[in-house]
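The block underneath contains the structure these notes are about, expressed in structure tokens.
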Ligand code: HEM
Ligand code: SF4
């Protein structure tokens, strides 16, 4: 994984010192809150309902054990003992004190981490496939490019005061596990006819009140031109993006307004001026960064693992966990294990300091000391020998981290909602807890199979409800919390926005409504058909009929 | 208003105005900065005056539209309507890099301390600020950072360049490798 050298260290140290001085000027009154706001936002510090919130970047979702222990230490020493992992490979602390934030940033700097550009109208933390480097379908490791983008975008002189936030995601594989089409820029690696790797460049995706999937503006960009092409896109956006209305300021609105072809032409025109210049990646620099992501020293293991087969036969709970939470690895004899942060009835994405320490220890005991963060707000151990899976599972179970629900209906993405967020219309967390409890029965949850369910507390769509198979959106009706349901969203390479099924449900009805939807699916599905396929085959009609049937008390 | 130029607090010799009786009145003002509308309307008359000229561009007025006349200006002022409005950063880089503008590039409007380094790196070399106290506080902002990732117009050596030098001098080792080597 990437290691800072003296120059990266110097940079982060300067940044912490600068922010320490800015906080001092805010505390002394020299800076007004208005003037301080963009400065704190560019260092990941939000003002929420009850307190400040600090968002720390986990670049491309890769952590070392040492870094995870530091995150645990920060949760313990500066917060209330836990942290919240988000959909964009960040961790959020909900209760830091303003005066202590520079100290937190200094501690992060010690382990080569920071909170730079995790909020504000700038280029945010670049996200990548959480299975980078270990997925069997990968062409090249997206983290190499995400790191290159991280360096280029950090305190970019021209693009630090954009019309609105700007998010980039990279995948090195055809199966999209990074929701690239849901980003301002999505980059999907593939090869051209000659076998040269390059990117499909997609622009103008985003959720919020206007969910739009990014459109392709260039089908193949050779990797050496990555930064000059990004610079061209950003330059067009910085000049032409709307600044008069924050709801119309994202690049998706610009692309929609001028049309994809015209937008692509503007980018190409700008790019012709700056390509082949200082931003082109010298092969040596790419190789230098790529070397950091070289594979760990795998052992030659057999693909067959009788020990694992035996454990699966002997223990049904373990078998269920393997079925949902273990994924194939590109190396024979190894597996990828998802650690669900979605215990039934728990707060999605939260981990306690003790749990973080435990995961760090386990990553060293059974893997190579590396941990990944997924878009689904779960942790992933990327390199576990199959023979160790059972021991790992037993240890995870003792920490309450062995919930067998990855990709299942209770693997809910939920935003903080009205419990923390000052923009919320409704609570998300208690609804997620209630729904997940309905599916706590292992047999039932397995029977339902793969199904995504996301809950946002308002139209900003932080929990990606638009791209969930079942999306739930908190709305406010005359001061009462209501929940609107969308069906049919998809977040992978076939990304699609879900459609509203009908009138919203209140807090008491919403969990029943979800059960009704699941019941309709179970009645209608053909053998082994996942929810989304059934929905696409039968359409919203049968769901609507049952949900709004007269005998359903609404 | 206090002016910072090339890192020092200096006297502003320019007259920046939207407000004058007629074009002839400009002649009496000395070096003068006009806005784009005035320039377009009175271009020939202003040129006939023969004085030292500056042009002020509002956010959204891309330098491309006056490219052919840029050599006539000794100064271009770019407006920050609000400090959060970052369009002038792109205008500045286009002026310097695309159009080769060599004259004074001045930031006007909401010019605050914490944006100064970004401005310098985009090619601004003078800054019109509200108060003298602010001007002094701004000057020490410049010293906060010595390390940058991107190539830009302040000529600062980038982190990648510093790295290459260190490797060439034999001071830095080749990259450490994978996560397995992670150790402090
Ligand atoms: C509680 C504090 C939070 C506030 C005030 C907040 C605010 C917002 C706002 C205003 C937007 C809409 C931006 C737009 O469409 O232009 C947004 C989008 C988003 N938020 Fe949050 N958010 C918060 C927490 C979170 C958390 C905890 C997560 C992750 C679990 C998250 C993930 C996202 C994502 C992924 C988007 C992207 C939508 C897009 O790209 O269009 N946010 N947030
Ligand atoms: S979706 Fe709305 S309620 Fe939820 S965190 Fe985002 S802004 Fe807050």
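Outside any loop (DSSP other than H, G, I, E, B), within 14 Å of chain B (Cβ to nearest Cβ) and either buried (at least 22 other Cβ atoms within 10 Å of the Cβ) or within 11 Å of ligand 1 (Cβ to nearest atom) (or both): is that true of residue A:144 in this structure?
Yes: the conditions hold for residue A:144.
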Fill in: Members of region A:255-300 that are in contact with a helix residue (DSSP H, G or I) (Cβ under 6 Å, 6 or more places away or on another chain) and within 16 Å of ligand 1 (Cβ to nearest atom)
A:255
Item to complete: Kindly indicate whether any position in region B:171-181 is surrounded by fewer than 18 Cβ atoms within 10 Å (Cβ to Cβ), at pLDDT 70 or above and either more than 9 Å from chain A (Cβ to nearest Cβ) or in contact with a strand residue (DSSP E or B) (Cβ under 7 Å, 6 or more places away or on another chain) (or both).
Response: no
Practice prompt. Would you mind listing the strands (runs of 3 or more DSSP E) fully within region A:57-100 where at least 2 residues are within 12 Å of ligand 1 (Cβ to nearest atom)?
Written response: A:82-85, A:90-93
Practice prompt. Just give me the residues in region B:1-17 being in a loop (DSSP other than H, G, I, E, B) and either under 17 Å from residue B:49 (Cβ atoms) or at pLDDT 85 or above (or both), in sequence order.
Written response: B:2, B:11, B:12, B:13, B:14, B:17
Discussion item. Of all residues being within 9 Å of chain B (Cβ to nearest Cβ) and part of a loop (DSSP other than H, G, I, E, B) in region A:3-19, which is farthest from residue A:294 (Cα to Cα)? Just the residue, please.
Written reply: A:5
Item to complete: Give the number of residues within region A:138-189 that are more than 16 Å from ligand 2 (Cβ to nearest atom) and over 22 Å from residue A:452 (Cα atoms).
Response: 34
Discussion item. Regarding region A:94-117, can at least one residue be identified that is away from chain B (no Cβ under 14 Å), under 17 Å from the mean Cα position of the chain (by Cα) and within 16 Å of ligand 2 (Cβ to nearest atom)?
Written reply: no
Worksheet entry | Residue count for region A:47-78, restricted to those that are surrounded by fewer than 20 Cβ atoms within 10 Å (Cβ to Cβ), within 16 Å of ligand 2 (Cβ to nearest atom) and under 21 Å from the mean Cα position of the chain (by Cα) | 1
Worksheet, complete the sentence: Among the residues of region A:251-281, the number that are part of a loop (DSSP other than H, G, I, E, B) and away from every other protein chain (no Cβ under 14 Å) is 1
Worksheet item: Which of the residues spanning region B:48-86 are more than 14 Å from chain A (Cβ to nearest Cβ) and assigned to a loop (DSSP other than H, G, I, E, B)?
Response: B:50, B:51, B:52, B:73, B:74
Worksheet entry | Looking only at region A:20-40, and only at residues there that are crowded, with 19+ Cβ neighbours inside 10 Å and facing another protein chain (nearest Cβ under 10 Å), the one that is modelled with the lowest pLDDT | A:38
Discussion item. Condition first: under 30 Å from residue A:499 (Cα atoms), within 14 Å of chain B (Cβ to nearest Cβ) and part of a helix (DSSP H, G or I). Now tell me which residues in region A:210-250 satisfy that.
Written reply: A:237, A:246
Worksheet item: Inside region A:282-298, can you point out the residues that are in a loop (DSSP other than H, G, I, E, B), under 27 Å from the mean Cα position of the chain (by Cα) and touching a residue at least 40 places away in the same chain (Cβ under 8 Å)?
Response: A:293, A:295, A:296
Item to complete: Mind counting the residues in region A:454-485 that are touching a strand residue (DSSP E or B) at 6+ places or on another chain (Cβ under 8 Å) and either away from ligand 2 (no atom under 14 Å from the Cβ) or over 30 Å from residue A:172 (Cα atoms) (or both)?
Response: 16
Worksheet item: Picking from B:89, B:149, which residue would you name as being closer than 15 Å to residue A:158 by Cα, free of Cβ contacts under 8 Å to residues at least 40 places away in the same chain, assigned to a helix (DSSP H, G or I) and at the interface with chain A (Cβ under 8 Å from one of its Cβ atoms)?
Response: B:89
Discussion item. Only one of A:391, A:440 is closer than 29 Å to residue A:68 by Cα, out of contact with any helix residue (DSSP H, G or I) (no Cβ under 9 Å at 6 or more places or on another chain), away from ligand 2 (no atom under 16 Å from the Cβ) and away from chain B (no Cβ under 14 Å). Can you tell me which?
Written reply: A:440
Fill in: All helices (runs of 4 or more DSSP H) inside region A:382-469 with 2 or more residues being assigned by TED's automatic domain parsing to the domain that holds residue A:529 and within 16 Å of ligand 1 (Cβ to nearest atom)
A:429-438
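The values are calculated or read from the model by the stated rules, or taken from the named source; none is laboratory data. Keep in mind it's a predicted model, so treat the numbers as computed, not measured. When we count neighbours, we look across all protein chains shown, and the Cβ atoms used for this are built from the backbone with ideal geometry, even at glycine.
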